[in-house]
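The values are calculated or read from the model by the stated rules, or taken from the named source; none is laboratory data. Worth saying up front: this structure is predicted, and the values here are computed from it rather than measured. Reconstructed Cβ throughout: ideal geometry from the backbone, glycine too, with neighbour counts over all protein chains shown. Quick note on the areas: whole protein, heavy atoms, side chains included, nothing else; ligands and nucleic acids left out. Shrake-Rupley method; radii C 1.70, N 1.55, O 1.52, S 1.80 Å.
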Amino acid sequence: MQEEVRLARRCFAQIERLTTVMASYPPGHPVVENAVQGLRDAFYQFFELTDRLTVQIHPHWMDLYGAGETVWETQEPRDYCFALSRDGVYLIHILAGVDDTELRQLVSVLNELVDQRDMSTDAVSMLFEAGFRYISYDAIDESLALLAGLDNDVRNRDTREEQEAIEELFNEAFDKELDERVGSGQGMEADFEVRLQRRGEKQMKLEVGSRQFLQLDDQARAHLEDLKRGFTEHHELEHRQGEVLSALLGARPRAKLRRGAVAQIGNVMGALLETNAPWEALSFLKLIHRWRDKFQVEVAGELKEAVKECFTQTRIHALNKQVATAGQGPRRAILQMYNALHLEAASEGLIEVLGWDLEDEARDDILRYVRQRARRGLDFIERALPRVAGERAAPLVELLVGLMPRSRPLLLDVIKGQMEPSLKLKALVALRGTWSDVNEVRDVLVPLVRGSHSGLRLEALRALAAATPAHVLRVVEPLLDARLARRPDEEVRELVGVLVAHGGPAAVEKLRELVQRRGIVADEEQELAVAIVKAMIKSPTPEVVQLLEAVAKDWLVAGRIRSTCKEIVELMQ
């Protein structure tokens, strides 16, 4: 374990070096390339010990998960650990197989988080959109953390004294300006204006709770106070209802009133889901938990059930239709809401959406989402798979191929189901080397070997020969008839080659019976014999050469067969 800790520290020291270098030098500069090489070597050395590097994120340091040893820390007030932790990312997994491209992309994401020039993004969004294959993360969505009754707010890491000082500053500023407006006759309406329409401003509000606030100058404090006032006093009816209902639940009412408040919260969420901005339902859910510490124990379970009931099949269908047709912003907002709330029914519906006629960008976003959800399990894909048929299932089959070996049972369903032959062939190729179950070979491969599709026959024959070579002759023998001569040359050569390689003397004798035709021979039998002889050129074993020489010298065999045997023997020598 100590060796893993040492190498993990080296990996993150190299990441820190590359973040500094990439911020100072242009892409492709030798200094950058040397830093990338050092980072790659560090990870490769770590992966000689294990196949996964998992770190737990804290505000200003990282621990090797399971060991409790610090592998990276800093004294800087802002760093990428701070940004990741603030946005709810608590674990990062880097798997063996990660390459230079993904490591560069990861460092770019970390640099952007520290730089934070674009306030419209957060760590979870950037990691999700990066679409890593060998880097993954676990994040606590604030609304889910609160629903689960977690005591610690992932965005609030101040001491109690600091919280009180910050709140006092806010209250003083708010009361002072409110008194001035009332005294001047301007009224109070302007104070309830919604001022946080942009995501960036909301994120700035969330950062108000940091220790840095106490060190800001007066102008910066005034700006943040204004943002907080705009965020906490909502003009929208739904948000006001949420605040009232949250406060009501915080008063620990009797069971009937408590259930009524929870039901009303569900009704408001349902109404938000039917608007042009359904993702606001997630923002509304976060508002509900301002009083979470005062909620009764039963409220968490009742809220979860209310949220679940909001997402009816009709609403999910409408949301999925919007995912398929809307622009990038709304589409990703809905997908992130699905991901945050772990909506299995919605994920299942998106599998069917993959079969629609989609823009490439929309399809990529949905596939990225499905791939991320698939890390937690493939049940939702298994349930939806029978409802996706024909060529529409192509993106889904490609996704399942990429998820091997976990997706093997589903790929078997593809092969056995009513899918296009081209998709079955893709699934069959993905299963190479995995046919250890004799029953599967009998029930899946043997019917394909004797089937009507040439590509499937050929791939199934190869799999059969690799899995159960002793049964090749028994399975293939019924195929050695007149129809074989009309099949593609590649398939005939493969079939004969497999017979010769795995069938033993019995297979050679069977081929002799088909080739050494004496006397008057029908045209179909001659065609079959010639096809088999030509196919033997790929199997120049001593037994095959001896067979061909014997037939070439047998004057009782039809002339066309003898001449073909003689020609093939000469080519083999």
Just to confirm my filter: which strands (runs of 3 or more DSSP E) fall fully inside segment 22-126 and include at least 1 residues that are touching a helix residue (DSSP H, G or I) at 6+ places or on another chain (Cβ under 6 Å) and under 24 Å from M337 (Cα atoms)? 52-57, 89-95
Okay, helices (runs of 4 or more DSSP H) sitting entirely in segment 496-573 with 3 or more residues that are aliphatic (A, V, I, L, M) and farther than 17 Å from L480 by Cα, I get 542-552, 559-572
What about N339, is it of a type in the set (S, T, N, Q), over 23 Å from T121 (Cβ atoms) and open to solvent by less than 50 Å² (accessible area, probe 1.4 Å)? no
Just to be sure before I move on: is I381 within 14 Å of the chain's Cα centre (by Cα), farther than 19 Å from R332 by Cα, in a helix (DSSP H, G or I) and modelled with pLDDT of 85 or more in the structure I sent? yes
Is at least one residue of segment 345-356 over 14 Å from the mean Cα position of the chain (by Cα), more than 18 Å from M269 (Cβ to Cβ) and of a type in the set (S, T, N, Q)? no
Selection status of V5, of a type in the set (A, V, I, L, M, F, W, C), without any contact (Cβ under 8 Å) to a residue 24 or more places away in the chain and in the same structural domain as V109 (by the TED database): no
Going by what's in this entry, would V307 be described as part of a helix (DSSP H, G or I), in contact with an Asp or Glu (Cβ under 8 Å, 6 or more places away or on another chain) and either surrounded by fewer than 19 Cβ atoms within 10 Å (Cβ to Cβ) or not acidic (D, E) (or both)? no
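A quick yes/no check of all residues on (1) open to solvent by 20 Å² or more (accessible area, probe 1.4 Å); (2) in a helix (DSSP H, G or I); (3) more than 21 Å from G390 (Cα to Cα):
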| position | (1), (2), (3) |
| --- | --- |
| A427 | no, yes, no |
| G433 | yes, no, yes |
| N439 | yes, yes, yes |
| V446 | yes, yes, yes |
| S452 | yes, no, no |
| L456 | no, yes, no |
| E459 | no, yes, no |
Condition (residue is farther than 18 Å from V5 by Cβ, of a type in the set (K, R) and open to solvent by 20 Å² or more (accessible area, probe 1.4 Å)) applied to segment 76-83: is it met by at least one residue? yes
Every residue from segment 399-419 that is buried (at least 17 other Cβ atoms within 10 Å of the Cβ) and not in a helix (DSSP H, G or I): L403, S407, M419
Would you check if there is a residue in segment 551-567 being open to solvent by 80 Å² or more (accessible area, probe 1.4 Å) and among the acidic types (D, E)? yes
